[in-house]
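Participant: Dumping the structure here so I can ask a few things about it.
Nothing in this text is a laboratory measurement; each read-out follows from the coordinates by a stated rule. Owing to the predicted nature of the structure, the values given are computational and were not obtained by experimental measurement. Cβ coordinates were reconstructed from backbone atoms using ideal geometry, including for glycine residues, and neighbour counts include every protein chain displayed.
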Amino acid sequence: MKRSASFSMFTIVNGIFMTLIVIFTLYPFVYLVAQSFSSEAAIYAGKVTLFPVEFTTKTYEVILSKPDFFHYYWNTIVYSVTGTFIAVAATAVMSYPLSKDKLRLNKFFIPFVLFTMYFGGGLIPNYILIAKTLELRDTIWAIVIPGAISAFNVILMKTFFASLPYELEEAGRVDGLGVFGIFTRIILPLSKPILVTIMLFVMVGMWNNWFGPSLYLQSKEKWPVALYLKQIIDNAVSPTEIGASSDQTSQIAASIKSTAMVLTSLPIICIYPFVQKYFVQGMMIGAVKG
């Protein structure tokens, strides 16, 4: 009875605590959505809270009416899909050998992976390497290659691979599979949770990335949508440049930040519910086991 009562109390307190966290987490985004659909006067008067005031879609209409916006969105999709595929493939190929304790020099390579989590070359050496040495400036590879492998993702996937039963690999060898066949036909199909987890990590980073493109992409037509919207926010691109009339300029200036955040966040929010079950499972197994 005492145990049951304690568990019930814990459940109630935990439920209240988690509800508060959800409210504090959702409120900023709900506020941004409400502000993006509110009028200029309501925004400047501070009347917007959870719901739009004097509902308007002027900012969305102006931004979405420009063909350039969808061109930048397509660039972002290309960068995100390509970068995610390269990152997940490279991380898996690197993590699988590191998950084998019997591999020679395994304990020699793992410290080097951990070292990169705490120390980096810095911005200037990276820029010289990518732009000057490798001559990748103004290409897609300057965006998708530098961040392809993350030490955190490698450790997470390595731990997941190490948790898989070794007998499965032995069964594959009995059936005549080599190392590559075991990896592609047994290990990867069983690793869907961790693969989706890493995919989500990388895709979110690629989708929101504007700093790398601002350094390496000289041609404006190659910009991702995040950089394009940031330039609008920073007034590097004025409202009139994106097709706003004089009577719309004030409205756009008042709501452009919230509108930009909604437009960049919406695709990831739509994708997340479909991968949530894999995300939770991958994080739990990859972080705890091993």
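Participant: Can you sort Arg173, Arg104 from fewest to most other Cβ atoms within 10 Å of each residue's own Cβ?
Facilitator: On the way: Arg173 12, Arg104 8.
So the ranking, lowest neighbour count to highest, is Arg104, Arg173.
Participant: Note the per residue figure in Å³ for the convex hull of the C-alpha positions in the chain. Show your work: numbers first, answer last.
Facilitator: Working: hull volume 57.5 nm³, N = 290.
Expressed per residue, the convex hull around the Cα atoms of the chain is 198 Å³.
Participant: Another one. Quick check: residue separation of Lys47 and Glu167 times 0.36 nm, minus the Cα distance between them. What number comes out in nm? Intermediate results must be reported in sequence, preceding the final value.
Facilitator: Numbers: separation 120, 0.36 × 120 = 43.20 nm, distance 6.34 nm.
Between Lys47 and Glu167, full extension yields 36.9 nm more.
Participant: Right, something else. Which links in Lys58/Lys257; Lys222/Lys257; Lys102/Lys192; Lys132/Lys220 stretch past 18 Å when you go from one Cα to the other? Mind showing how you got there, number by number?
Facilitator: Numbers: Lys58/Lys257 14 Å; Lys222/Lys257 22 Å; Lys102/Lys192 25 Å; Lys132/Lys220 20 Å.
Listed pairs above 18 Å: Lys222/Lys257; Lys102/Lys192; Lys132/Lys220.
Participant: As I understand it, the dipole of the chain uses +1 on the Cβ of Lys and Arg and -1 on the Cβ of Asp and Glu, about the Cα centre. Which of Gly15, Ser163, Ser265 lies farthest toward its positive end?
Facilitator: Ser163
Participant: Additional query: In deg cm²/dmol, rounded to 500, what helix-only [θ] at 222 nm does the chain give when every DSSP H run of at least 4 residues adds -39500 (n - 2.57) and the total is split over its residues? Don't jump to the answer; show the numbers that get you there.
Facilitator: Working: 14 runs with 202 residues, N = 290.
One gets -22500 deg cm²/dmol as the mean residue ellipticity at 222 nm.
Participant: On C-alpha positions alone, give me the angle between the axis of helix 67-98 and the longest principal axis of the chain, in degrees, nearest 10.
Facilitator: So the helix axis and the longest Cα principal axis differ by about 20 degrees.
Participant: Here's something else I'd like to know. On C-alpha positions alone, give me the angle between the axis of helix 106-118 and the longest principal axis of the chain, in degrees, nearest 10.
Facilitator: With both axes taken from Cα atoms, the answer is about 20 degrees.
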